[in-house]
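Here the structure comes first, spelled out in structure tokens, and everything after it is commentary.
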Amino acid sequence: VLARLASNPQEPSLGDEDFRFFAALIGRLSGISLTEKKRDLIAYRLKPQVDRLGLGSFAEYRQLLETAAPNDPALQTFINLLTTNKTDFFREPRHFEILAERVLPDLVRTRERARRVSVWCAASSTGEEAYSLAMVLRRNLPASFELDILASDIDTDVLAHARNGVYPAARAAEIPETYHGEYLRFGRDRASGWFKIADHLHQAIRFERHNLVASDAPARQPFDIIFCRNILIYFTPETVQEVARKMHRLLRDDGFLFIGHSESLGTGQELFRPMKSSVFAKIGKA
Ligand SMILES: C[S@@+](CC[C@H](N)C(=O)[O-])C[C@H]1O[C@@H](n2cnc3c(N)ncnc32)[C@H](O)[C@@H]1O
């Protein structure tokens, strides 16, 4: 530790009491479990906020949060600072193939009368996953089908970015070229170096804050498909089980759940029938 401090005297350090408080608070507010190994990460993420607020120490920031009312914006800022938002367009591409080849053909048949497919992207971060879903769904469903996609996240900063739907042009390389002409609009002049998602695709998506570990449910459910990827890894096994129950409750009886390739539903798996790795069909009522 001394050697590390000597090489980087600016490194913020977090005392035991502060670390325990911040870890417990983020656990209570979001379900995110930050263990001792993440002590430095917490310090790095929170230090700029301590400085912005003109506070002298982490202890002062702790006191501010300790006395915050439940709806105090300071708590939302704290959550935004501690979430990890890494995402890509078409991340884990096999899922989008399974969606197009296995899931959607069935839905086209079974939803022939309703002509509507409802999808929840349950930890959508900056929006790439929801827009990837929208592209695959729009391309593979008949034009007469209405598409209703909910993109939600607990972090209000990433939701604002997602709602905006503007990305650096270089990120288009993550999107198969076959989608570019129809769904991406590349900027010119002052907007060059950026693309935005085409309005007709953007309109299919609602963006809402939703906390997966809260007891409330999003409006307009149940869903035919839920993507809940690369978030379960941050939760304890008990929280994963709770979230699996929630997903089960909010899916239609013939609906599908996608989780990240490196994730598991733990004991929550009993509620689903594995279809492909990390893709599950709901076991509905008999
Ligand atoms: C690593 S990103 C994954 C994004 C995307 N699903 C993907 O696979 O690329 C995890 C996201 O989960 C969000 N998150 C963390 N806790 C949450 C909670 N309790 N409810 C809803 N979203 C949460 C974070 O804000 C973050 O944007």
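The values are calculated or read from the model by the stated rules, or taken from the named source; none is laboratory data. What you see is a predicted model, and the numbers here were worked out from it, not measured in a lab. Backbone-built Cβ (ideal geometry, glycine too); neighbour counts: all protein chains shown. Ligands, DNA and RNA are excluded from the accessible area calculation, which covers all protein heavy atoms including side chains. Shrake-Rupley method; radii C 1.70, N 1.55, O 1.52, S 1.80 Å.
A few points about this structure:
- Gyration tensor (alpha-carbon) shape descriptor, region 111-199, a/c threshold 1.5: oblate
- At most 10 other Cβ within 10 Å, DSSP loop - trypsin sites (Lys or Arg not before Pro), region 164-205: R188
- Normalising by residue count, the chain has a Cα convex hull of 163 Å³ per residue.
- Summing charges over all other residues whose Cβ lies under 12 Å from the Cβ of A169, with Lys and Arg as +1 and Asp and Glu as -1, gives +3.
- One chain, two ends: A68 and S33. Fully extended at 0.36 nm per residue, the span grows by 10.5 nm beyond their Cα-Cα distance.
- Fraction in percent of alpha-carbon pairs per bin - 5 Å, region 206-286: 3, 16, 28, 28, 18, 7, 1
- The chain, accessible area per residue, ligands and nucleic acids excluded (1.4 Å, Å²): 50 Å²
- Of the GluC sites (Glu not before Pro) found in region 74-128, those that fall in a DSSP loop while having at most 13 other beta-carbon atoms within 10 Å are E112.
- With both labels modelled 7 Å from their Cα along Cα-to-Cβ, the E182 to Q49 distance reads 4.2 nm.
- Extending 7 Å from the Cα toward the beta-carbon at both A214 and Q76 defines two label points whose distance is 1.0 nm.
- Percent carbon-and-sulfur accessible area, region 205-286, ignoring ligands, DNA and RNA, probe 1.4 Å: 51 percent
- Coordinate range along principal axes, alpha carbons of region 168-257, Å, largest first: 50, 26, 23
- Net charge in the neighbourhood of R273 (other residues with Cβ under 13 Å of its Cβ; Lys, Arg +1, Asp, Glu -1) is -1.
- Applying the criteria of a DSSP loop state and at most 16 other Cβ atoms within 10 Å to the trypsin sites (Lys or Arg not before Pro) of region 225-286 yields K285.
- 4 °C / 1.567 mPa s Stokes-Einstein diffusion coefficient of region 7-76, Kirkwood radius on C-alpha pairs, µm²/s: 103 µm²/s
- Angle in degrees between helix 128-140 and the longest Cα principal axis of the chain, rounded to the nearest 10: 0 degrees
- Distance between the C-alpha centres of region 212-263 and region 22-96: 22 Å, rounded to the whole angstrom.
- Share of pairwise Cα-Cα distances greater than 18 Å in region 1-123 is 65 percent (whole percent).
- Projected label distance in nm at K86 and R190, using a 7 Å step from Cα toward the beta-carbon: 3.6 nm
- Cα-based helix-to-principal-axis angle, 16-30 vs the chain, degrees rounded to 10: 20 degrees
- Rounded to the nearest 10 degrees, the angle from helix 73-82 to the longest Cα principal axis of the chain is 80 degrees.
- CD proxy at 222 nm, helix term only [per DSSP H run n ≥ 4: -39500 (n - 2.57); per residue of the chain; nearest 500]: -11000 deg cm²/dmol
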